[in-house]
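Structure, as structure tokens:
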Amino acid sequence: MQSDGESMKVNKNCVGCGQCAAFCIVDAIDIKGKAIITCTCTDCRKCIPYCPVKALEA
Ligand code: SF4
Ligand code: SF4
């Protein structure tokens, strides 16, 4: 499923640690101070459990 990049969200808990980016299989997360979900995201939601501060929301 292709996303418009607006389904996955990063909330204010994000500390920009980059852990989620390392786990995204399509490299859809940019880290610029905090995580930014790019249009490459397929909404697979696999990154969600890897965020230590629960900053990723579907
Ligand atoms: S939902 Fe899937 S494709 Fe999107 S950022 Fe997370 S791991 Fe990557
Ligand atoms: S793992 Fe969580 S805190 Fe770290 S960059 Fe990703 S969304 Fe932000």
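Read the figures in this text as sums done on the coordinates, not as results from a lab. Because the structure is predicted, anything quoted here is derived from the model rather than measured. Quick reminder, even Gly has a Cβ in these numbers, built from the backbone with ideal geometry, and neighbours come from all protein chains shown.
Within region 5-19, being away from ligand 1 (no atom under 12 Å from the Cβ) and aliphatic (A, V, I, L, M) holds for one residue alone: Val15. Taking each residue of region 40-57 that is among the acidic types (Asp, Glu) and looking for partners that are crowded, with 16+ Cβ neighbours inside 10 Å with beta-carbon atoms closer than 8 Å, six or more apart or interchain, yields Asp43/Ser3; Asp43/Met8; Glu57/Met8; Glu57/Val10. Scanning region 31-41 for residues that are surrounded by fewer than 20 Cβ atoms within 10 Å (Cβ to Cβ) and within 8 Å of the chain's Cα centre (by Cα) turns up just one, Ile36. Checking each residue in region 20-54 for being more than 10 Å from ligand 1 (Cβ to nearest atom), out of contact with any Cys (no Cβ under 8 Å at 6 or more places or on another chain) and of a type in the set (Lys, Arg) picks out Lys32, Lys54.
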